[in-house]
Amino acid sequence: DFVAAVIAESLISSLAAVPSVTVLSRAAVNDAKLRTADTGALTKDLGATYLVEGSVQESSGTLRVSLHLVRSDRSVAWGDIIEGKFDAIFDLQSKLALALTNALVVRVSASELERINAQPTSSPQALSAYWQGKALLERADVKGNVDEAVSAFEQAAKLDPKFALAHTGLAEAYRQKYLDVRDPIWAQQAIDE
């Protein structure tokens, strides 16, 4: 689940770099999903042309990602399956972003393509730890998840000290810890991070 969640975040970030595409956050989509589970109604509620639906399967270090562009009438405008090794996750993310961009028939400039292909870290292990932290923090209501998220983000930052998203995630986790226990030390750690 955490891999799927962060691939979604990666696609959002990549597509948001293209000025001609308006991308809604996962939070906005999740809020709309609370109002309706129907894909057609959800698309209309969001004012979207398409919803991107997908799934991730993993076997022996190979990820298989299925993506679909779904219209408000629930018809599938485009679909593709892209595979890649977890160790080459950055290449897989780039292929997914490019395939989705091409499906949207968007003209992408060289600088936009560079932003789409930009990777936040060169360490797949750091990225994996970051994804785990994000997935855990999304369910901060589950006992122990915030502490586990802190550990995952700390591991990601340790594996790649220049990985800015790991530090941001750690600050978010510290903030959540503060909200849970109201101990000012966690607020200060969030600020310091």
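The values are calculated or read from the model by the stated rules, or taken from the named source; none is laboratory data. All values reported here derive from a predicted model rather than from experimental measurement. Reconstructed Cβ throughout: ideal geometry from the backbone, glycine too, with neighbour counts over all protein chains shown. Please note that ligands, DNA and RNA were not included when accessible areas were found on the heavy atoms of the full protein model with its side chains. Shrake-Rupley method; radii C 1.70, N 1.55, O 1.52, S 1.80 Å.
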| Length added when fully stretched, Asp192-Arg115, from 0.36 nm per residue minus Cα-Cα | 24.9 nm
| remark: Under the 7 Å Cα-to-Cβ spin-label approximation, Leu179 and Arg139 lie apart by a distance in nanometres of 1.8
| field | Stokes-Einstein D in µm²/s, Kirkwood radius over Cα pairs - the stretch 1-111 at 10 °C with 1.306 mPa s viscosity | value | 109
| note | Pseudo-spin-label distance Ser25 to Thr168, built 7 Å along Cα→Cβ, given in nm, is 1.1
| message | Given a 1.4 angstrom probe, I'd like the percentage of the accessible area of the chain that is carbon and sulfur, rounded to a whole number. | response | 50
| message | At 222 nm, what value in deg cm²/dmol follows for the chain if DSSP H runs of at least 4 each add -39500 (n - 2.57) and the sum is divided by all its residues, to the nearest 500? | response | -18500 deg cm²/dmol
| field | Of Lys44/Lys134; Lys44/Lys177; Lys95/Lys143; Lys44/Lys162; Lys95/Lys158; Lys44/Lys85, those spanning more than 32 Å from alpha-carbon to alpha-carbon | value | Lys44/Lys177; Lys95/Lys143; Lys44/Lys162; Lys44/Lys85
| note | Taking 0.36 nm per residue of separation between Val76 and Asp147 and subtracting their Cα-Cα distance, the length gained on full extension comes to 21.5 nm
| request: Skip the ligands, DNA and RNA, and give the accessible area per residue of the stretch 1-42 with a 1.4 Å probe, whole Å². | output: 53
| Counting only Cα, what are the radius of gyration and maximum Cα-Cα distance Dmax of the stretch 53-193, in Å? | 17.9, 51
